[in-house]
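Okay, structure first, notes after.
The values are calculated or read from the model by the stated rules, or taken from the named source; none is laboratory data. Note that the coordinates shown come from a computational prediction; the quantities given were computed from them, not determined experimentally. As a convention, Cβ positions derive from the backbone with ideal geometry for all residues, glycine included, and neighbour counts pool all protein chains shown.
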Amino acid sequence: MWSALAAPLVGSDNRIGLVVFVRQTLAVAEAELRKLRHDPMELLSRAVQPALWLLIFGHVFTRIRDIPTGGLRYLDFLAPGILAQSVLFIAIFYGISVIWERDLGILHKVLVSPASRVALVLGKALSAGARGISQAALVYLLALLMGIDVRLSPAAVTGVAVFVVLGAAVFASLSLAVACLVKTRERFMGMGQVMTMPLFFASNAIYPVSLMPGWLKAIAVMNPLTYEVDALRGLMIQGGQSLYGLGTDLAVSLAILSVLVLLVARIYPRIVI
């Protein structure tokens, strides 16, 4: 499993260095994904939450006519937000796996591997995206059963997959940063609960930013979940629009991911101390 991590850098050739980095990142992601085979119920249990939000919350709030949804039915407006919420809730608690690895002694072995710290962090973050893809498949299925007008063209589905993986990587990286700082499972769970609700409600997941007071709009603009939902709404729903533009959504998400990965790569070894 770790054989791909052992390839050394050859000279100063940037292309070879990039290939090695990609191999290291994918090897870490593969190792993380193998854990799902031993706990497939994790994905099934995660299916309950988006189903409840769409079936109960969505049907109740679709009766409210005062929410400006840009000409969309409220259920159509809500579906991308619930997908983003599901990805957030999966990724934000991802860091607890690092604390488990430290307690079991696995993390020490990982840190002495030839893989760079950036590859370790990015590989773990990308593996969270696979869990996000499973949530996307579920939300698409629920949306079709509920008559939500989703786009099923290859380009739209591919775009949704890209933003789901990217969003999961962003919040998994944030989770890893918190895990490196708090270091105990109990404190981490508390911090995870503290982060999820503000990120969710200070975004455009269940209502448009235009309804927010000024101070909350300022927070929403700095919230990475806002840009993920904006992109998903423009790609996933027939008639949906990206208010900020897909290019802006992608650039902001990539910038936040880059900063978080570099930050976590710097503080990652501290979790073993």
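Restricting G240, G234, G192 to those that are closer than 30 Å to P154 by Cβ, part of a helix (DSSP H, G or I) and touching a residue at least 12 places away in the same chain (Cβ under 8 Å) reduces the list to G234. Residues of the range 221-242 that are surrounded by 16 or more Cβ atoms within 10 Å (Cβ to Cβ) and aliphatic (A, V, I, L, M): L225, V229, A231, L232, L235, M236, I237.
Among the conditions (1) surrounded by fewer than 24 Cβ atoms within 10 Å (Cβ to Cβ); (2) modelled with pLDDT of 85 or more; (3) within 16 Å of I267 (Cα to Cα); (4) of a type outside the set (F, W, Y), I148 misses just one, which is (3). Take the range 173-189 and flag every residue that is of a type outside the set (V, I, T), part of a helix (DSSP H, G or I) and in contact (Cβ under 8 Å) with a residue 40 or more places away in the chain. S173, L174, S175, L176, A177, A179, C180, L181, R185, F188, M189 - these are the residues of the range 173-189 that are of a type outside the set (V, I, T), part of a helix (DSSP H, G or I) and in contact (Cβ under 8 Å) with a residue 40 or more places away in the chain. Applying the criterion of being free of Cβ contacts under 8 Å to residues at least 24 places away in the same chain and not basic (K, R) to the residues of the range 210-220, the residue that is surrounded by the most Cβ atoms within 10 Å (Cβ to Cβ) is A220. Would you check if V170 is part of a helix (DSSP H, G or I), over 16 Å from I237 (Cα atoms) and at pLDDT 85 or above? Judged against the criteria, V170 is a match. Given the condition in a loop (DSSP other than H, G, I, E, B) and out of contact with any Pro (no Cβ under 8 Å at 6 or more places or on another chain), answer yes or no: does some residue in the range 128-144 qualify? No, there is no match, as no residue in the range 128-144 is in a loop (DSSP other than H, G, I, E, B) and out of contact with any Pro (no Cβ under 8 Å at 6 or more places or on another chain). Each residue in the range 195-208 was checked for being in contact (Cβ under 8 Å) with a residue 24 or more places away in the chain and either surrounded by fewer than 18 Cβ atoms within 10 Å (Cβ to Cβ) or not in a loop (DSSP other than H, G, I, E, B) (or both), and 5 pass. Do we find a residue being in contact with a strand residue (DSSP E or B) (Cβ under 9 Å, 6 or more places away or on another chain), modelled with pLDDT of 90 or more and not polar (S, T, N, Q) anywhere in the range 245-261? Looking through the range 245-261, none of the residues is in contact with a strand residue (DSSP E or B) (Cβ under 9 Å, 6 or more places away or on another chain), modelled with pLDDT of 90 or more and not polar (S, T, N, Q).
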